[in-house]
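Q: My questions will all concern the structure given below.
Values in this text are rule-based calculations from the coordinates and carry no lab data. None of the values given here were measured: they were computed from a predicted structure. Here the Cβ is made from the backbone with ideal geometry for all residues, glycine too, and neighbour counts use every protein chain on show.
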Amino acid sequence: MGAGHAHTLYRHGHSPVHRLPPHCKLVAVLGFVLVVVSTPREALWAFALYAVLLAAVAAVARVPAGFLLKRLVIEVPFVAFALLMPFVVPGEQTELLGLSVSVPGLWGAWNVLAKGTLGVAASVLLASTTELRSLLLGLQRLRLPPLLVQIASFMLRYGDVITDELRRMSIARRSRGFEARGVRHWGVLAKTAGALFIRSYERGERVHLAMVSRGYTGTLPVIDEVTASRTQWAYASALPVLALGVCLLGWTV
Amino acid sequence: MSTVQPAAAAPSLEVSGLAYAYPDGHQALFGVDLTVERGERVALLGPNGAGKTTLVLHLNGILDAGAGTVRIAGLPVEKRNLAEIRRRVGIVFQDPDDQLFMPTVREDVAFGPASAGLRGAELEERVTAALERVGMERFAARPPHHLSFGQRRRVAVATVLAMEPEILVLDEPSSNLDPASRRELADILRDLDVTVLMVTHDLPYALELCPRAVILGDGVIAADNRTQDLLCDEELMRRHRLELPFGFDPRSVAVPRP
């Protein structure tokens with residue numbers, strides 16, 4: 001514990017974007033992503049405009065470009081997949097930097113890269129301006145099944161507790177002269193995982209006991225109902241509505 | 001004895017002839033009789049495996065009595081009363097990480113009363129009052145895992161105080177606390193105007209806080225007396241594997257008379 005207090009994705013701030021109610025932001029990001037995905041991939045300029053829109057949101061939210069770009073790294077596995085496409089997709093061939101690549105493959109790669117990057121960037125912006133706790137409140141407000149919200153909120157509460165337990169087990173292992181080196185030691189690590197599972201399971205039972213003792217009957221009472229005014233909805237809808245305009249242009253032009 | 005009693009006259013806790021065997025056949029309780037009057041602070045002592053936890057889980061109906069009855073302020077612990085029973089019996093479990101399961105301190109303290117249907121300003125008042133009683137009102141917005149162990153234990157006490165319980169049941173309240181946190185918790189517990197049943201191995205703590213103590217041994221109440229008299233009875237203590245810390249003489253301590 002100690003370190004890792006605030007989740008690293010979140011960036012503390014008081015910008016207008018930070019202040020928007022979480023469910024408005026969730027709906028806005030979902031809307032934006034849907035619009036981006038349904039844009040024709042040939043409308044290159046539309047994707048550039050989307051990127052400009054996101055950059056504007058980042059500026060209003062006072063999220064520095066470096067912060068945003070660093071967190072885009074999560075996208076790398078998809079990028080690798082996209083880079084393969086020009087080589088494996090069959091179709092008309094063309095020369096690029098002395099390599100023979102397929103034209104539909106190139107378009108496919110561009111499609112995945114552009115839409116993926118924009119989607120991830122929008123999500124990173126959401127995560128860096130909204131605390132996890134309020135995201136959950138937002139999901140609850142959007143009538144996500146309560147069981148899912150409960151599971152997510154327990155992950156939030158017990159993530160650190162379980163990581164801490166794992167760390168203690170690792171210290172105990174190393175204190176007895178064990179260092180995981182290579183395949184031969186995977187058995188020990190697997191047993192650690194098993195032990196951790198059983199401990200967490202037992203903790204789950206004890207937590208349930210404590211909950212039942214305080215009157216839990218299957219639903220968590222809604223203590224904080226988040227609300228949004230008409231103006232806040234209007235602010236939040238700016239991004240997806242502008243994006244929708246760009247998308248429609250992309251289909252007509 | 002009539003079945004309906006005026007709540008003011010009824011003792012906070014009335015256990016009679018309570019017996020219980022686990023589903024695997026292991027019998028843990030063999031007819032426990034225990035009465036705790038309103039406002040009393042009683043220590044429940046006993047070696048590991050004596051059935052203390054089993055007894056505690058009967059008090060709010062987590063376990064169903066095989067035989068015998070439990071009454072909380074006159075209300076029998078039965079299925080149809082469970083919601084009210086769980087409001088009246090506040091159990092503070094040993095590991096505060098089990099007790100505090102909500103994302104923030106405030107929401108955790110609000111959980112009990114909100115489950116009982118309280119909302120809005122009334123709920124907020126209840127939460128603030130409970131946190132003030134344990135001196136943790138400044139930490140309301142914090143997530144529980146950012147608090148020290150002693151602070152978490154105090155918040156755990158607040159979570160049940162918020163339900164305005166008839167009886168507070170504490171499972172090993174002093175375990176894992178450093179001496180300062182231990183003393184702070186004692187100060188808090190001493191000032192509460194609520195019936196307390198304290199399950200503990202920490203005999204000096206029991207002596208400090210509880211004028212009366214009972215020993216649970218082999219599934220029955222084996223002794224019930226003033227805490228100081230119990231601790232001074234060396235033969236009884238040895239028989240129940242209860243040992244005082246090195247150098248501690250219960251005779252040397254002046255305890256306030258009940």
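Q: Under 13 Å from the Cβ of B:V199, count the other residues' Cβ atoms, weight Lys and Arg +1, Asp and Glu -1, and hand me the total.
A: Numbers: positive: B:R41, B:K52; negative: B:D171, B:E172, B:D202.
Its environment carries a net charge of -1.
Q: Further question: So if each residue of separation counts as 0.36 nm, and I subtract the Cα-Cα distance between A:L96 and A:A48, what length gain in nm does that give?
A: Stretched out fully, the A:L96 to A:A48 stretch lengthens by 15.0 nm.
Q: Among B:V255, A:L135, A:V35, whose Cα sits farthest toward the positive end of the charge dipole of the protein assembly as shown (+1 at Cβ of Lys/Arg, -1 at Cβ of Asp/Glu, about the Cα centre)?
A: Value: A:V35.
Q: What average count of beta carbons from other chains do you get within 10 Å of the Cβ of residues in B:107-120?
A: Mean shielding count: 4.
Q: At B:V220 and A:A55, where each label point lies 7 Å from the Cα along Cα→Cβ, what is the point-to-point distance in nanometres?
A: Label at B:V220, label at A:A55, 8.5 nm between them.
Q: Right, next: Could you work out how far apart the two model spin labels at B:R238 and A:T227 are, taking each label as a point 7 Å from the Cα in the direction of the beta carbon, and quote it in nm?
A: If labels sit at B:R238 and A:T227, their model points lie 7.1 nm apart.
Q: Also, I was wondering about something else. Can you classify segment A:1-86 as rounded, prolate or oblate using the Cα gyration tensor, where a ≥ b ≥ c are the square roots of its eigenvalues, rounded means a/c under 1.5, and otherwise it's prolate if a/b beats b/c and oblate if not?
A: Judged from the Cα gyration tensor, segment A:1-86 comes out oblate (a/c at least 1.5, b/c at or above a/b).
Q: Amide H neighbours of B:L13 under 5 Å, counting only residues 5+ apart in sequence or on other chains, H built in-plane at 1.01 Å?
A: Close amide H contacts, sequence-distant or interchain: B:V36, B:A73.
Q: Listed highest first by mean packing, meaning other Cβ atoms within 10 Å per residue, what order do A:175-184, A:43-52 come in? Mind showing how you got there, number by number?
A: Numbers: A:175-184: 8.2, A:43-52: 16.4.
My ranking of the peptides, most packed first, is A:43-52, A:175-184.
Q: With each pseudo-label sitting 7 Å past Cα toward Cβ, what's the B:A67-B:S16 distance in nm, one decimal?
A: 1.5 nm
Q: How many percent of DSSP beta bridges within the protein assembly as shown run antiparallel, rounded to 5?
A: Around 60 percent antiparallel, to the nearest 5.
Q: If you restrict to DSSP beta bridges whose two residues both lie in segment B:13-240, what percentage is antiparallel, to the nearest 5?
A: Counting DSSP beta bridges with both partners in segment B:13-240, the antiparallel share is about 55 percent.
Q: Ok, one more. Can you work out the Karplus-derived ³J(HN,Hα) for every residue in segment A:153-162? Use 6.51 cos²θ - 1.76 cosθ + 1.60 with θ = phi - 60°, whole Hz, and x for glycine or proline.
A: Residue by residue, segment A:153-162 yields 6, 5, 4, 4, 6, 9, x, 5, 4, 6 Hz.
Q: Based on the mean of other beta carbon atoms within 10 Å per residue, what is the order of A:232-243, B:89-100, most packed first?
A: B:89-100, A:232-243
Q: Under the rule of at least 5 residues apart or a separate chain, name every residue whose amide H is placed under 5 Å from the amide H of B:V220.
A: Answer set, sorted by chain and number: B:F30.
Q: Something else: Test of understanding: what is the full-extension gain from A:F197 to A:S170, defined as 0.36 nm times their sequence separation minus their Cα-Cα distance?
A: Gain on extension, A:F197 to A:S170, equals 8.3 nm.
Q: Ok, one more. So how much slack lies between B:D193 and B:A254, counting 0.36 nm per residue of separation and subtracting their Cα-Cα distance, in nm?
A: 19.7 nm
Q: If amide H atoms are built 1.01 Å from N in the plane of the peptide, which residues on other chains or at least 5 residues away come under 5 Å of the amide H of B:L242?
A: Counting only residues 5 or more places away or on other chains, the set is empty.
Q: Going Cα to Cα from A:K25, which lysines come in below 26 Å? Please leave out same-chain ones fewer than 8 positions away.
A: Result set, ordered by chain and number: A:K70, A:K115.
Q: Still on this structure: For chain B, what value does the Rg/Rh ratio take when both radii are computed over Cα atoms and Rh is the Kirkwood radius, given to two decimals?
A: Here Rg/Rh amounts to 0.96.
Q: GluC sites (Glu not before Pro), restricted to segment A:82-153: which are DSSP loop and have at most 12 other Cβ atoms within 10 Å?
A: Sparse-neighbourhood loop GluC sites (Glu not before Pro): A:E92.
Q: To make sure I understand the rule: partners must be lysines, Cα under 30 Å from the Cα of B:K79, and not fewer than 8 residues away in the same chain. Which ones qualify?
A: Excluding near neighbours in sequence, the set is B:K52.
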